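The values are calculated or read from the model by the stated rules, or taken from the named source; none is laboratory data. Please read all numbers here as calculations on a predicted model, not as lab measurements. No Cβ is skipped: glycine too gets one built from the backbone with ideal geometry, and neighbour counts run over all protein chains shown. The protein model used for the area step is the full one, side chains on, heavy atoms only, and it has no ligands, DNA or RNA in it. Shrake-Rupley method; radii C 1.70, N 1.55, O 1.52, S 1.80 Å.
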Amino acid sequence: MREAVRLASRVAETDANVLVTGESGAGKDALALFIHRQSRRARQSFVKIDCAALPNELLEAELFGYERGAFTGATQAKPGRLEAAHRGTLVLDEIAHLSTDAQAKLLRVIERREFERLGGRRTVRVDARLVALTNVDLDDAVRRRAFRPDLFFRLNVVRIHVPPLRERHEDVAQLARQFSKAYAVKHGRAARQLSRAALALLESYEWPGNVRELAHVLERAVIVCEDERIEVSDLPEAVRTAAALQSRRARRPTLAELEAEYIAETLAAMRGNKSAAARALGISRKNLYEKIARYGLEV
Ligand SMILES: Nc1ncnc2c1ncn2[C@@H]1O[C@H](COP(=O)(O)OP(=O)(O)OP(=O)(O)O)[C@@H](O)[C@H]1O
Ligand SMILES: [Mg+2]
């Protein structure tokens, strides 16, 4: 994550387009905003468009804007998000969903820094830094010919990967504190610390929903918490059980534990017959008795 932030700060100083990759909830939007705020465009607009949320034609109308009469219902001209982002930053969320048509148009915008509104003749010049976000493998989309390689290269000038939260457990504590403070303010509650056990649980959980999921868990905890600290009991059942399972699995058994378990299993299989068990285990009866005593396996 530190590497991602370092890259983001570096690229913020320039006007280069950026491709931000990462799982859902990992913080791609947050990183795009960080880039904008660190850039000389910080005082200009930060505009977002979600390429997955709108059907194709509506998306183009939103992105490029339209002139009056461009299509049925276009009773008035309307500038698009590209124009709104002039001198600022335009975030293209879920870029992989962009239609082939829109991909071609966007490529032209990048190459010539100009475009026309839908149904318009007037050329609009635009200066916007593009930050494209994706949670799917865009290289793969290019290979499958679902995404134009030329547009991909234009967007992929600098690529920043936001790692999933499970790969940066060391960030959990700080994020959790930050969310706990913020949600305490939002819900008019006193700010609360996390108990050691609660924090340990949060740190061992895998966070399939990443930072977004952590934020929700802390919001809930702030609301239900009745004590001085946020305790394990304030965390949702799902987090508690999953974390318990994971930590049990993550712990490697010692050789002695494995041996004890295997001997117990063999004894059970031989219905307690120690001669048969010793034979199966390839050790002497005397040795087996010693191990049974050492591990407290008396059957
Ligand atoms: N480093 C961070 N500090 C504080 N809040 C964060 C951080 N990273 C992410 N968040 C918060 O977590 C939530 C999810 O982050 P964000 O929307 O950036 O994820 P995303 O990668 O864009 O996910 P999606 O692909 O689902 O849109 C947001 O509420 C965001 O504010
Ligand atoms: Mg997002």
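Table for the structure above
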| quantity | calculated |
| --- | --- |
| DSSP beta bridge pairing in the chain, given as percent antiparallel to the nearest 5 | 20 |
| Calculated FRET efficiency for the pair residue 78/residue 170, C-beta based, R₀ 51 Å, to 0.05 | 0.65 |
| Straight-distance crosslink candidates among aspartates and glutamates, where the alpha carbon sits under 16 Å from residue 105 and sequence neighbours closer than 8 are dropped | 57, 60, 62, 83, 114, 116, 127, 150 |
| Entries in 28/48; 48/78; 28/181 that, when Cα-Cα distance is taken, lie over 19 Å | 28/181 |
| Segment 2-163: antiparallel DSSP beta bridges as a percent of all, rounded to 5 | 20 |
| Long-range amide H partners of residue 20 with built H, under 5 Å | 132, 133, 134, 160 |
| Under-5 Å amide H pairs with residue 65, H placed in peptide plane, nonlocal only | 80, 81, 118 |
| Heavy-atom SASA rank of 19, 201 (probe 1.4 Å, accessible area, largest first) | 201, 19 |
| Rounded tilt (10° steps) of 237-250 against the dominant C-alpha axis of the chain | 60 |
| Spin-label model distance (nm) - residue 157 vs residue 269, 7 Å beyond Cα toward Cβ | 6.5 |
| For a label point 7 Å along the Cα-to-beta-carbon line of residue 182, residues of segment 29-44 with backbone N under 14 Å | 29-34 |
| Stretchable slack from residue 193 to residue 10, in nm (0.36 nm times residue separation minus alpha-carbon distance) | 62.4 nm |
| For segment 81-197, alpha-carbon Rg and Dmax in angstrom | 20.3, 64 |
| Qualifying lysines (Cα of each under 23 Å from Cα of residue 291; at least 8 residues distant if same chain) | 274 |
| Cα convex hull of segment 166-250 - mean projected area over all directions, nm² | 5.0 |
| Square roots of five times the Cα gyration tensor eigenvalues for the chain, Å | 57, 25, 17 |
| Stretch gain in nm, segment residue 104-residue 258, where the contour uses 0.36 nm per residue and the Cα spacing is subtracted | 49.3 nm |
| Folded to 0 to 90 degrees: helix 2-12 orientation relative to the chain principal axis, Cα | 10 |
| FRET efficiency estimate (nearest 0.05) - Cβ-Cβ, residue 237 to residue 140, R0 41 angstrom | 0.70 |
| Kirkwood Rh and Cα Rg combined as Rg over Rh, evaluated for segment 140-292 | 1.27 |
| Total charge dipole magnitude, the chain, about the Cα centre, Cβ charges on Lys, Arg, Asp, Glu only, Debye to nearest 20 | 580 |
| Descending semi-axes in Å of segment 2-163, equivalent ellipsoid built from Cα gyration tensor | 26, 18, 13 |
| Under 5 Å, built H, 5+ apart or other chain: amide partners of residue 91 | 47, 48, 49, 131 |
